[in-house]
Structures are given as C-alpha cells and as structure tokens.
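Below: one structure, written as structure tokens.
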There are 2 protein chains.
Amino acid sequence: MPLMKSWVESANAPDHPFPLNNLPYGVFSTPAHDPRCGVAIGDMILDMAAAEEAGLVDLADYPLFDVPFWNEVMEEGPELWAALRARLIELLAEGSPDCTAVEPLLVPMAGAEMHMPFLVSEYTDFYSGRHHATNVGTMFRGQENALPPNWLHIPIGYNGRASSVVVSGTDIRRPWGQLKSPDHDKPAFLPSRRFDLELEMGAIVGQASDGPVTVAEANDMIFGYVLLNDWSARDIQAWEYQPLGPFQAKATATSISPWIVTKAALEPFRTDTPAREFELLDHLKDCGPMLYDIDLAVDLAPEGKPATTIARTNYREMYFSAAQQLAHHTTSGCPMNVGDLLGSGTISGATKEARGSLLELSWGGKEPITLPTGDTRSFLEDGDTLTLRGHAQGDGYRIGFGDCTGKLLPAPKDPYAR
Amino acid sequence: MPLMKSWVESANAPDHPFPLNNLPYGVFSTPAHDPRCGVAIGDMILDMAAAEEAGLVDLADYPLFDVPFWNEVMEEGPELWAALRARLIELLAEGSPDCTAVEPLLVPMAGAEMHMPFLVSEYTDFYSGRHHATNVGTMFRGQENALPPNWLHIPIGYNGRASSVVVSGTDIRRPWGQLKSPDHDKPAFLPSRRFDLELEMGAIVGQASDGPVTVAEANDMIFGYVLLNDWSARDIQAWEYQPLGPFQAKATATSISPWIVTKAALEPFRTDTPAREFELLDHLKDCGPMLYDIDLAVDLAPEGKPATTIARTNYREMYFSAAQQLAHHTTSGCPMNVGDLLGSGTISGATKEARGSLLELSWGGKEPITLPTGDTRSFLEDGDTLTLRGHAQGDGYRIGFGDCTGKLLPAPKDPYAR
C-alpha cells in the first residue's frame, strides 16, 4: 500500500509518523479544550468531540468522543471501529469535500498536552521475547537452563498494576524498596540502585470476553497498540520474586506512548512468528502472520546532555503475538475487559545492540555501556530521560508511534515525609 | 463490650451473625428493588437507599446509597464511615425514637439476592500464612527450604485478576489449562484435575494512596473485611508459575462473602501477630495489635450430600496483617485505589485439621481425606459445594461474616464451543 495523501500537507512527508494511513487515537487538551478524544493527522490533531458535535462523524445515537478516554469507542466493537476509520479517511483525504468544515477543527499538536488515551482496566505483562528471556535466564540460571521448561509452550506472564500505568512525559520517581545485597545477612529498606527500562509494546483489549477465546477471536478483540516502558527495579525484584513473581519491582510505573495505533493501520506490516522447536498446542497456534514488522529504538539522555540510541530492535522478534497472549490469558475462563492492557515482554534482538533493557545491555552491570557523552551506564542514573521510539516502514510512508518518554527523578529523601 | 440490643428482635440472639454490634454492608436486590446498598441487622436488611431518601441518613449533599456498590461511601473517608456507623446504631438501637420510621424500610434477608458489595478496582493476593507457606514449601522444596529466604521479612504477594472476583453463591466452572504431568514429555490442554480452595480473608482498601504509606496509615485506609476463597488449579500452577508466579491457575474465580464487616465492628477483637525470629524493618513494624481473633471454618458438601467441616482455623494465625501487606504494597510508590482487594493468603493453623486448602489437607493428594459420607477427597470433585464461615466471638454476641459459598461445576466439554 502506498502513501494515502491528505489535504493536511504535513501528513504527506514520507517520514512523518502520522500520515493518513495511520490515524492514531489519543486524548489531548489545550488551554481552550478540556481533555477529549483526538486523532493525529500530520502535525495536527482532529478534535473528535468537535467533529461529532458538528455532525461530521455520526456513528452512534450518543456522544462517543467528548470524554477523556477511548474506552467507549472500544465498547462499540469492530464494526464501528471500521466505520470510524473509513469516515476519518473520507474527511481527511486529499480532495475531501468536507475539507473546509474539518479544517477549523484541527488543533496544532505543538500546543496540545497529551493524556492517557484510555482507562486501563487491568494490566498484564508478558515475557515472550525469546532473546530477552534467554539473556536474563543465562545471567541468572546459566546458559543451559536459560529458558524455563514452559517457556516455548505458553506465553508466560504475570498480572501488573493498572494503577501504575502513566502516559509518556510523566516523570518517574526512583522507588525505595526492600533489598538484600549478596554481601549482607539481612535485607534493608533503601532506594533502588538497579533501576531499569524495558522496551515493550502494549496491546489494548477493546472487547470483553467471558470464557476461553481462540487466537483468531483474540486478534479480533485487540483495538490497537502503543509503545510501553515497563520500568523495573532489578534489586527489589531479585529479593522479592521467588516464589510468586515480580510485585513491587514493577509497580512504580509503566509508561505508554500517547497515541493508540490501530490494528487496521498496522495490517500491511503483518509478519510471521519465528520458527518453533515445538509445535504449539492447538489453542495457541498461529492463525496467519501474527506479528508486525515494527522498528523500535531506545534513546537515553543523561541530565542536560544529548540523547544516544542505546538499542534498536523490532517487534517481529516476539515469540508469541499479542493475540496468542490474549488467548492464553482466557484459557482458565478469566474474564477480559475493555481497556485491559497487555505488555509484550521486553523485545530484544539477537545482537548486543538489540537488547531492550540495561540489565541485558550491561550484562547485569558487569559490562557497563559507554555513551558518546563519555557517561557510562550499568543501570539508570537520576536525571536520565528514556525515550522509546517505533514505526513501521511502508512504501514512501511510515506508521509512527508517538514517543514514549520519561525522566527519572531522584528517590525521595524520606518516602514517608508528608 | 457486651451485646448492644436492637429493636430488631432477631439481632439479639447470642449466636446471630448480625447483631447491632456488627452492621455489615452489602448490596441486595428483591423483586421490588434494584441492587442497592443495604445493612444487615438480624434477619433483616435495612434499605439504605430508602433510608437516605426518607431523610433518616443524611451524610452528604448527594445520594450515597442508591447504587449497587459501597465505593462511594469508601471514597468519603473515615470520618463519614464513623458518622454512618454512629447513625445506624442510633436508628437501630433498642428504644430508638426512629423505630417506627425505620421499620418499613427493613427487607427480609430471606427474600433478597446478594450482589458484589463493591466494585473491585484491583486484586492482590498475599501469601502471609506461615503454616500454609511452610506446608506448601515442605511439599515442594523439602522441610529445610520450606520458607523462601524473603518470607519472614516481607509479605510476599502477587497481583491477581479483579475481573475474576465473584460474590458468594456464584457457581464456579472447572477450568481447562495447559498442564504437564511428570510422566509426560510434553504439556497438554486439559481440564484441571487438581482444583482446590484456599481459605482466606479479604481486606478492602477504602482510601487511595499516592506514595508509600506507613502501617498506621495503611490501617486507616482499610474499610472492612470479607471471607475469600481463592480457587486454585494446582496442576496449571505447577506448570506455569516459574519464573513469574501464578497466572491462569488463579484466574478462574475468587469468591467473596457478600457482607463487608467494618473495621469498627472488629475493633474489640484485635490481637497480636505471632512471635517473630527477625525484627521487621521499621516500615513494616506492628503499630499495635494488628490481627483479629476470627474463627474460620471450611465446609465441603459433595453433590446431594450433607456438608462436613474439613478445616477450622483462625485469622490470628497470619504472620503479616492486612495493614502491613498494604504498607508493603505502597513501598515502590504503587498507587492504591478505593476498591482494591487484598487477599490475606491461605490461613492454616498448626494442626492437620486447621489446614485451609485440600493441597495441605491431602498433602498433595498423597493422603486423601475421608468424609463422614464415605467420600474421599484429594482435590475438589465436580458438584462439590464449598462454604467458608467465620465469626469473632464476643461476650454474648458474635460478629459474623456472611458465608462464602460456591459450587464447582464440571469443565465444559469444549471450552471453545459457542
């Protein structure tokens, strides 16, 4: 599919993240607008509440867009999702007869503040990147036991905290936690010293389920995707995670990019999962090309210094797709709801430069990386700004994700001070 | 404290679960009433929406009770919680001048259906029963490594699925899942064969937090308590739980009793946590008697047969209190919200008869228990009805919890049939 041209000129630049082919969904505000639904087109945001009010988008008998979340649109289901996308393309395509009516409803992105694009119902984080699991397993259990016995058979995951999910741009406060150094007999309560990022993608569940669903049904339930940084306190995790998994180590914050890129926009970039040693059980089998070819990168900028790209990888490195993760999530009958967020797991590639966490990049702190600024990093330092970037490269256009950024602030001196 | 007498005669029987001292909060419906807030008094439910409408309860400028959840009352905070309890005692005490006005607003409990008493925001399940953790650890890792190294220092917990929490009386469907028998090379997708109960108590978080809270602050945030059965598929868990903890094994359902017993009603039953080998770190230290003396029991009734009590224990067996669990939950800065539910962990006592799960009672299936009906049980069988019961025994009165019951239905023949 080539670039679809828009009368919003900025959207037609070949490297712009938000061409007409994309049309991602976000929640924005300006001094003149309370937070409401908007659609990115080039450098502008289409005010969807205003477009609906003006009768330009008329998909339901009640307002869908004058709210600070996309959950109501999700609730409506895939037919409405398709109708909405078709109508937006009509309105914004080159030569649209609605151009003059729509133009006043565009808000410059530069003057808008982005908010959480949806209400997170529950948050699950998976561990389905094979290179990541192999790297971490090798560090902690040795090369021969790197992958747990179940790993190639099910998308391993754990439930996270929906309350800790924040939108890109939110500062992250280094947490305190109970830690035990190998050279101490007893644990202590201290600020985390091994605070890290995890480069992931998030899939947003747009339809509810009540019982097990197939992989194809799960795919239909997914509304769209965001970039996701699952901030992780490695030292808190090391002490707490046996036997019930990560808990406070992953509860400080998880950042997501502000624009939900729809499944429809990503459709041309479908690609197969990697080759498998073991055939998956029927209920988890691929039902077509299940992944997407999405280039991903991580930039790190020390306080007051320029950013360096410290990792480049691709979403096609995943071993299990979001649809397979979601299908597995329902096997027990677990009800899934509109607004559930599924983290992919850290996405690392085969090479050292493709590792999606500092834990892997610095090999547990044993091989600190050196930035062009001369700074070295084993884990994150106070003042570091992390930015995840991603796009699918089409023929003369890109499907871009908004950046997912966050700055690490120092731990509070006294976490209980009021 | 002695029995406080009510003009609702049934409430004054010494073994009644719902005397004036208790006044637990639930959500009920009848053919004449949509689900709404109610308070249990003896064999009756006070219709709180009607009481508010009649001006008998006037605590806010907007209606608090004509909704099918207690979250709005929780939001209001501890001062309103105290004022509400004081007003209810005034209205329902023997000799109350409001007796004639209130009497028509009482609905017989026998004709009411109970619903979820609150909207569960997120659900966390802890593992803070020492005898349970020791029993399970001994079975899986041997007596010497029974307790993980962190266990005596932090209340170990994991995030569960809020979407799977159901009210007492809801049937439970035996789940399918990916399992691997020790005698097979590969996993298979089958109905769980080792489906179990877990006797727990649930603490309901009634105030939000934004940053770490002390144990005393955490105690103030708790609104009340319910009985909780964390249904568990042991065979699914055995295959999935390394390295990130239980996931689908715990996602079929968690049942709670329908009445929220308030912290105020339980205050006379405060008791100390057990002796500790290791002093807790300051941020987790007890700040007074942190547990409650609450007798707990589990009844099992095979299909069409009478129930047998298979376990008797007490909430004072916990090693960490709900307030300590909640304080730990916030250490990383994890935001807690109104309606968060914290499971205590399985509550077992020191003796064999005090074990709060069939895993422990049958010692992993090696020592099936025999019921007076002649039936034996290693794990639950289809058609079994499980009932958790609990009360605090006062001087001539009881603070009762409503029963927490659920019947296990057979697994669907084809979980993907529509």
Shortest first and in nm, the label-point separations between A:P14 and its counterparts in the other identical copies (7 Å out along Cα→Cβ) come to 9.1
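Which order do A:D286, B:D210 take by accessible area at a 1.4 Å probe, largest first? Walk me through the intermediate numbers first.
On the way: A:D286 55, B:D210 145 Å².
Per-residue accessible area, sorted high to low, gives B:D210, A:D286.
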In terms of the charge dipole of chain B, which places +1 on Lys and Arg and -1 on Asp and Glu at the beta carbon, the residue among B:A110, B:P175, B:Y158 farthest towards the positive end is B:P175
Taking the chain alone as reference and the full protein assembly as comparison, with a 1.4 Å probe on protein heavy atoms only, the residues of segment A:313-357 that lose at least 20 Å² of accessible area are A:H328, A:H329, A:T331, A:S332, A:C334, A:P335
If labels are modelled 7 Å from Cα along the Cβ direction, A:K352 lies from its partners in the other copies at nm distances, smallest first, of 6.0
If exposed means GluC sites (Glu not before Pro) lying in a DSSP loop and surrounded by at most 16 other beta carbons within 10 Å, then the longest stretch of chain B lacking such sites spans residues B:95-276
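Note down the net charge around A:A11, summing +1 for each Lys or Arg and -1 for each Asp or Glu among other residues with Cβ under 9 Å from its Cβ.
Details: positive: A:K5; negative: A:E9, A:D43.
Taking every Cβ under 9 Å from that of A:A11, the sum is -1.
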In whole Å, largest first, the alpha carbons of segment B:123-409 cover along the principal axes 48, 47, 36
Ignoring ligands, DNA and RNA, the residues of segment A:203-217 whose accessible area with a 1.4 Å probe is reduced by 40 Å² or more relative to the chain alone are A:P212
Chain A, Gaussian network, Cα under 10 Å: of A:P372, A:P68, A:P268, the residue fluctuating most is A:P372
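Over chain B, average the accessible area per residue using a 1.4 Å probe and give it in Å², no decimals. Walk me through the numbers before you get to the answer.
Details: 15040 Å² over 418 residues.
Here the per-residue accessible area is 36 Å².
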So the A/B interface buries, both sides summed and with a 1.4 Å probe, an accessible area in Å² (nearest 100) of 5500 Å²
Here the correct list, in nm and shortest first, of distances from A:E53 to the same site in the other copies, label points 7 Å along Cα→Cβ, is 3.6
In the B-onto-A rotation, chain B's nearest residue to the axis by C-beta, with distance in whole Å, turns out to be B:G245, 1
Applying the gyration tensor rule to the Cα atoms of segment B:326-418 (axes a ≥ b ≥ c; rounded if a/c under 1.5, else prolate if a/b exceeds b/c, else oblate), the class is oblate
The answer for the net charge of residues other than A:S321 whose Cβ lies under 14 angstrom from its Cβ, with Lys and Arg +1 and Asp and Glu -1, is -2
Candidates A:M48, A:M221, A:M139; GNM for chain A (alpha-carbon contacts under 10 Å) flags as most fluctuating A:M139
Taking only Cα atoms of the protein assembly as shown, the Rg to Rh ratio with Kirkwood Rh works out at 0.98
Candidates A:G160, A:G55, A:G245; GNM for chain A (alpha-carbon contacts under 10 Å) flags as most fluctuating A:G55
Gyration tensor on Cα atoms of segment A:9-115, a ≥ b ≥ c root eigenvalues, a/c under 1.5 rounded, else prolate if a/b beats b/c, else oblate, says rounded
Ordered by number, the residues of segment A:238-256 that have at least 50 Å² less accessible area in the complete protein assembly than on their own chain alone (1.4 Å probe) are A:W239, A:Q242, A:P243, A:L244, A:F247, A:Q248
Carbon and sulfur atoms account, in whole percent of the 1.4 Å probe accessible area of the protein assembly as shown, for 51 percent
Lys and Arg at +1, Asp and Glu at -1: neighbours of A:D58 with Cβ under 11 Å from its Cβ sum to -2
Given unit charges at Cβ for Lys, Arg (+) and Asp, Glu (-), the dipole magnitude of chain A about its Cα centre in debye, nearest 20, is 1640 debye
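The values are calculated or read from the model by the stated rules, or taken from the named source; none is laboratory data. If you're wondering where the values come from, they're calculated on a predicted model, not measured in any experiment. Because the Cβ atoms are built from the backbone with ideal geometry, glycine has one as well, and the counts that use them run over all protein chains shown. Note: accessible area is taken over every heavy atom of the protein model, side chains too, but ligands, DNA and RNA are not part of it. Shrake-Rupley method; radii C 1.70, N 1.55, O 1.52, S 1.80 Å.
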